[in-house]
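Reviewing the structure listed below.
Only the coordinates and a few stated rules stand behind these numbers; no lab work does. Values in this document were obtained by computation on a predicted structure and should not be read as measured data. For neighbour counting, all protein chains shown are included, and Cβ atoms are generated from backbone atoms with ideal geometry for every residue, glycine included.
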Amino acid sequence: MKWQTKTGEVIDVEDMSNQHLLNSHRLVSEKCKVLDSAISSAWSFSCSLQGEMALDQIDSDIRQLDDMVYHMYRVKAHLKKELDRRGLTPLPIRERSN
């Protein structure tokens, strides 16, 4: 799997340093948590909507979020597999304040 760094360089996950791999896994894990929360909020919000156009829009938004979650969890699984191969323990997710 390829990984694009914040500088735009594309590298193989297998070529990442241990620290880069650990940080990347934590970043993706944090993004998964945020996306999971966004989907939950969107479903809760959708219960208060009325009208076909509003419901269609929130349904479209939720499908888009679902696609993003699917992709992020695939990336997370690949990074975790590489962590396991190297015998590394994932870093804890940082709690973000709003």
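Global size of segment 2-86: 16.7, 52 Å for Rg and Dmax (C-alpha atoms, Rg to one decimal, Dmax whole). Relative to the dominant Cα principal axis of the chain, helix 52-86 is inclined by about 10°. For the options 36, 59, 12, a Gaussian network treatment of the chain with springs between C-alpha atoms closer than 10 Å singles out 12 as fluctuating the most.
Placing unit charges on each Cβ (+1 for Lys and Arg, -1 for Asp and Glu) gives segment 2-86 a dipole about its Cα centre, and among 25, 8, 60 the Cα reaching farthest toward its positive end belongs to 25. Each Lys or Arg adds one and each Asp or Glu subtracts one; over the other residues with Cβ under 12 Å from the Cβ of residue 42, this totals -3.
Here segment 24-61 and segment 72-98 have alpha carbon centers that stand 22 Å from each other. The modelled label-to-label distance between residue 42 and residue 93, using points 7 Å beyond Cα along the C-beta direction, is 1.7 nm.
Suppose every K and R has +1 on its Cβ and every D and E has -1 on its Cβ; what is the size of the dipole of segment 2-86 about the Cα centre, in Debye to the nearest 20?
On the way: 12 positive and 14 negative charges, 102 e Å.
With only Lys, Arg, Asp and Glu charged at Cβ, the dipole is about 480 debye.
Taking the longest Cα principal axis of the chain as reference, the axis of helix 18-46 is set at about 10 degrees. Each label was represented as a point 7 Å from its Cα along the Cα-to-Cβ direction; for residue 86 and residue 59 these points are 4.4 nm apart. For residue 80, a cut-off of 19 angstrom between C-alpha atoms picks up these aspartates and glutamates, skipping any fewer than 8 places away in its own chain: 12, 14, 15, 30, 36. Sorted ascending by nearby beta carbons within 10 Å, beginning with the fewest, 91, 79 become 91, 79.
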